[in-house]
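Some notes on the structure that comes next.
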Amino acid sequence: MRPEIIEALSEAKSVDELGKAIVEKCSHVFNADVCTLWRCYQDDDGKRKLRLLAASAKAPQTLAQEITYEIHADPDGQNADGVTGFVAQTKREVHVSSFEELKERYKSCWKGRMDRTQWEAEPARLFRSLSAFPLMLGRQVVGVFKLENKRGSDSGFPESDRDRVRMMTADIASALHFHNLLDQHSERLMQVPTQMVEALLRPFESTQLVNEIVKTVADRLHAEICSLWIVDPGGKELSLADGYGFPTETRRQTYQMSDPAVQDEEIDGITAWVAVRKEPFWANSWADLKAHPSWSGKWDQTMWHDRGENFRCLYAVPLLRQHAIIGVLKVENRIGEAFFTATDRALCGIMASLIVLVLELGHQVRTSIIADMAHLVRSPIGQVPMNLSMLEKEIKKAQQGGELRLDRIESYVNIIRRALLSADMTSRELVGIAKRPAYLGGTPERDCVNLYELLTERIKELQPLLYNGIRLSLSPSNGVENCDISLDATDRTRVQIAIDNVLHNAIKYSSRGGEVRVVLEKRPDQFCILIQDDGCGISEDDWPRIWEQNFSRRAADHPQGTGMGLTMVKQVFDGLGWDCEISSTEGSGTEFRAQIPRTEELDDGRDDTGRR
Amino acid sequence: MAETILVADDEHGYRQPIADMFQDAGFETIEAESKEDVVENAALADVWIVDVRLPSHAREGIEAVTQVVDAGKAPTHPVIFISVDSAVDADDQLGALRAMGVDYKWYEKPFEMELLLNAVRSLLGGDSA
């Protein structure tokens, strides 16, 4: 390689810097007013074009122009796009020593787009000479190199200059191609994290998460097979979490983990070796694989029928979390290639890091959510023994002739009841949130549910937990004895939990001695459940947020709630196609209203009194 | 003059029985429901009993004590933290308090009421009400 190009290559950190270094050096070496370097590329429509990569100091305005030349297919240069395009299309040099010569000899393709910009709209006066050379890599043109206006000469660049340039063009082409490859590599590396993160953030349960991971990795690395292995909490076994492209009978694969001090031969297979040694491994042939001291062929009989004919290549990386091994990511049989390339292996490493991040985040989120939920149940329960203890003290004091403080006794009893109600409601809400309709194929059996009986049952359950003299009542409207709807068992439970939640809210925000009224109405096309209280109502500030997840209004003297109750109620009712709404006046009370469509098959001709 | 106990808990169901117990035992009590209440009233009390989760979704109880100490009003006796959680869960924040020279005791809810009363009496050196 020419020294000037080696120097430029060694200094450049990017293709732009490389181009700049080349044109500056060449404009100096060849005494040219202008030196430009053009690079071939393919646009989004698949057309081959030339774009200016670098221009020497005398033509900085040229760089600001987004001028491109299209490279057409005709090797004779017919319909070439400009003289620069002509050079790339024909792979022929161009040498002219005047503007007139340029326009005359290349009139079929000269467009003048660059000339007007470069020569300050006076090309006829300022332009003196041009030598343009195709940059060839084998038989492929990768760019164009141009020198313009030889200083101190009106006859252009002499043959000696042209010979020197010819000797350099192969080097310049190689250097450009090298940077092209790096750019493609970087582009592919940059695309993958975004695609990977998109796949990993899709809302799904943990078993599906691993499945999505292996499918995404197999797709991005063009692998026939991808598997994710996880080390058990005791660190003793490495098990297959999920695999893509795996025969189903191999899905119970496990490897025993070993102490790092053991010899390679004692490790239970190559996958285990990757986990024990915390190092990647790749094999580009069956022979490579079998030659590894840890290879045991444990699962190869099933995977490859122990013949190795179908095996081509493998790459496995450890999944490390702060130096601790948590698993292994493995890809096998690169589609379209004999082995996984260096880029593939780099991508696999990036994906492994992202997988560790997502698995860890998921674990932490679940842990902190569970800790918070546990606290919401434990905190009210903890109030019970402490208030019981104070209650016992008051009673004992009174029994021993001391003052009977009824206000204190009532207060402790109310606290206990409120705490138990709160713990009960929180645990029901958690069940309601966690429970989703799960069907094991086919349509679940639906049953007839009487709304009046359902409401009566809920009110009866809550009665022992009422406090502060608050009352719960159920007012039947006309003909409610036949208020039947059709629900499967899971939906029945969820509706029950939702109603409990609304009742609990009404109780929570009621004042001392208040009443919570439940009304069931039967209308021609629907049933209507109303739950009304005379409590504090909802403030204007809170009103916009009442259906928001994690929004919790704190009722006076009442334990903290989950903030998910009304969200859960809405989800349940929306899922069943039932409308629900809340109306409230601050200081006067709140009304919850649910409208339930009547089910035709249950409308068997009975009138409102229940008679046919 | 009776010593004053700061009882800081956002849950009325804990705050009331604890305050009642100390009042019955002859102490003065100041009740606090929030971090701001603690910061405002801590200096007026001889012993601080502080719920760690103030309000219920944060560790603002420890933060409140840290803020008071930072403002130059260090407690005269070890702080008594009360919580449903164990002290291990708040180790990092407690370490910071220890580094500031603040001593503390930790009572996991629910606890025996008498234990808390006796602990406070012990801190006050037996001269308490």
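Among the residues in the range A:399-415, are any open to solvent by less than 20 Å² (accessible area, probe 1.4 Å), assigned to a helix (DSSP H, G or I) and farther than 14 Å from residue B:13 by Cβ?
Here is the first cut: in the range A:399-415, the ones open to solvent by less than 20 Å² (accessible area, probe 1.4 Å) are A:412, A:414-415.
From what's left, assigned to a helix (DSSP H, G or I): A:412, A:414-415.
Still in the list and also farther than 14 Å from residue B:13 by Cβ: none.
Looking through the range A:399-415, none of the residues is open to solvent by less than 20 Å² (accessible area, probe 1.4 Å), assigned to a helix (DSSP H, G or I) and farther than 14 Å from residue B:13 by Cβ.
In the range A:490-518, what count of residues is obtained for those that are assigned to a helix (DSSP H, G or I), small (Gly, Ala, Ser) and more than 37 Å from the chain's Cα centre (by Cα)?
Final tally of qualifying residues: 1.
Starting from the range B:102-124, keep only residues that are within 14 Å of chain A (Cβ to nearest Cβ), then list their pairs with residues that are assigned to a loop (DSSP other than H, G, I, E, B) and aliphatic (A, V, I, L, M) whose Cβ atoms are within a distance under 8 Å, requiring at least 6 positions of separation or different chains.
If the second residue must be assigned to a loop (DSSP other than H, G, I, E, B) and aliphatic (A, V, I, L, M), the pairs left are B:108/B:84; B:109/B:84; B:117/B:25.
Residues being in contact with a helix residue (DSSP H, G or I) (Cβ under 9 Å, 6 or more places away or on another chain) and open to solvent by 10 Å² or more (accessible area, probe 1.4 Å): count how many of those fall in the range B:78-98.
Of the residues in that region, 6 qualify.
If I ask for residues that are in a helix (DSSP H, G or I) and charged (D, E, K, R), which ones from the range B:23-48 would you list?
B:24, B:35, B:36, B:37, B:40
Check off (1) free of Cβ contacts under 8 Å to residues at least 60 places away in the same chain; (2) open to solvent by less than 40 Å² (accessible area, probe 1.4 Å) for residue A:536 and give me the number that stays unchecked.
Only one criterion in (1) free of Cβ contacts under 8 Å to residues at least 60 places away in the same chain; (2) open to solvent by less than 40 Å² (accessible area, probe 1.4 Å) is unmet by residue A:536, namely (2).
For the range A:416-430, how many residues are surrounded by fewer than 19 Cβ atoms within 10 Å (Cβ to Cβ) and either within 9 Å of chain B (Cβ to nearest Cβ) or small (Gly, Ala, Ser) (or both)?
Residues flagged as surrounded by fewer than 19 Cβ atoms within 10 Å (Cβ to Cβ) and either within 9 Å of chain B (Cβ to nearest Cβ) or small (Gly, Ala, Ser) (or both) within the range A:416-430 amount to 1.
Report whether or not residue A:381 is more than 14 Å from chain B (Cβ to nearest Cβ) and aliphatic (A, V, I, L, M). Reasoning before the result, please.
Details: more than 14 Å from chain B (Cβ to nearest Cβ): no; aliphatic (A, V, I, L, M): yes.
Here the answer is no, as residue A:381 does not meet what is asked.
Read through the list (1) open to solvent by less than 10 Å² (accessible area, probe 1.4 Å); (2) within 14 Å of chain A (Cβ to nearest Cβ); (3) in contact (Cβ under 8 Å) with a residue 24 or more places away in the chain; (4) in contact with a strand residue (DSSP E or B) (Cβ under 7 Å, 6 or more places away or on another chain), then give the number of the only condition that residue B:5 fails.
In the conditions (1) open to solvent by less than 10 Å² (accessible area, probe 1.4 Å); (2) within 14 Å of chain A (Cβ to nearest Cβ); (3) in contact (Cβ under 8 Å) with a residue 24 or more places away in the chain; (4) in contact with a strand residue (DSSP E or B) (Cβ under 7 Å, 6 or more places away or on another chain), residue B:5 misses (2) alone.
Just one of the numbered conditions (1) over 20 Å from residue A:385 (Cα atoms); (2) of a type in the set (S, T, N, Q); (3) within 14 Å of chain A (Cβ to nearest Cβ) is not true of residue B:41; which one?
(3)
Look through the range A:384-397, keep the residues that are within 10 Å of chain B (Cβ to nearest Cβ) and among the basic types (Lys, Arg), and return whichever of them is surrounded by the fewest Cβ atoms within 10 Å (Cβ to Cβ).
Checked the range A:384-397; the qualifying residue surrounded by the fewest Cβ atoms within 10 Å (Cβ to Cβ) is A:397.
List, please: which pairs have Cβ atoms under 6 Å, are six or more places apart or on different chains, and start with a residue in the range A:550-561 that is within 9 Å of another protein chain (Cβ to nearest Cβ) and without any contact (Cβ under 8 Å) to a residue 40 or more places away in the chain and end with one that is buried (at least 19 other Cβ atoms within 10 Å of the Cβ) and among the hydroxyl-bearing types (Ser, Thr, Tyr)?
If the second residue must be buried (at least 19 other Cβ atoms within 10 Å of the Cβ) and among the hydroxyl-bearing types (Ser, Thr, Tyr), no pairs are left.
Can you spot a residue in the range A:4-27 that is buried (at least 16 other Cβ atoms within 10 Å of the Cβ), at pLDDT below 85 and of a type outside the set (A, V, I, L, M)?
Checked against the condition, which is being buried (at least 16 other Cβ atoms within 10 Å of the Cβ), at pLDDT below 85 and of a type outside the set (A, V, I, L, M), the range A:4-27 yields at least one hit.
Take the range A:563-592 and flag every residue that is within 14 Å of chain B (Cβ to nearest Cβ) and surrounded by fewer than 21 Cβ atoms within 10 Å (Cβ to Cβ).
A:563
What are the residue pairs meeting all of these: first residue in the range A:398-412, first residue more than 11 Å from chain B (Cβ to nearest Cβ) and farther than 14 Å from residue A:467 by Cα, second residue at pLDDT 90 or above and surrounded by 14 or more Cβ atoms within 10 Å (Cβ to Cβ), Cβ atoms under 6 Å, and 6 or more apart or on different chains?
A:404/A:398
Need the failing condition index for residue B:64 against (1) touching a Leu at 6+ places or on another chain (Cβ under 7 Å); (2) within 14 Å of chain A (Cβ to nearest Cβ); (3) aliphatic (A, V, I, L, M); (4) closer than 21 Å to residue B:92 by Cα, just the number.
(2)
If I ask for residues that are β-branched (Val, Ile, Thr) and under 18 Å from residue A:245 (Cα atoms), which ones from the range A:318-361 would you list?
A:328, A:331, A:335 - these are the residues of the range A:318-361 that are β-branched (Val, Ile, Thr) and under 18 Å from residue A:245 (Cα atoms).
Write out, first by first residue and then by second, each pair whose Cβ atoms fall under 9 Å of each other, whose residues are 6+ apart or on separate chains, and whose first residue, in the range A:217-230, is farther than 15 Å from residue A:355 by Cα and touching a residue at least 24 places away in the same chain (Cβ under 8 Å) while the second is assigned to a strand (DSSP E or B) and among the acidic types (Asp, Glu).
Close Cβ pairs satisfying both conditions: A:223/A:332; A:224/A:332; A:225/A:332.
For the range B:46-77, give me the residue count where each residue is of a type in the set (A, V, I, L, M, F, W, C), closer than 26 Å to residue B:1 by Cα and open to solvent by 50 Å² or more (accessible area, probe 1.4 Å).
1
The values are calculated or read from the model by the stated rules, or taken from the named source; none is laboratory data. The structure displayed is predicted, hence computed values, not measured ones. Glycine gets a Cβ as well: all are built from the backbone with ideal geometry, and neighbour counts include every protein chain shown. Heavy atoms of the whole protein, side chains included, go into the accessibility calculation; ligands, DNA and RNA do not. Shrake-Rupley method; radii C 1.70, N 1.55, O 1.52, S 1.80 Å.
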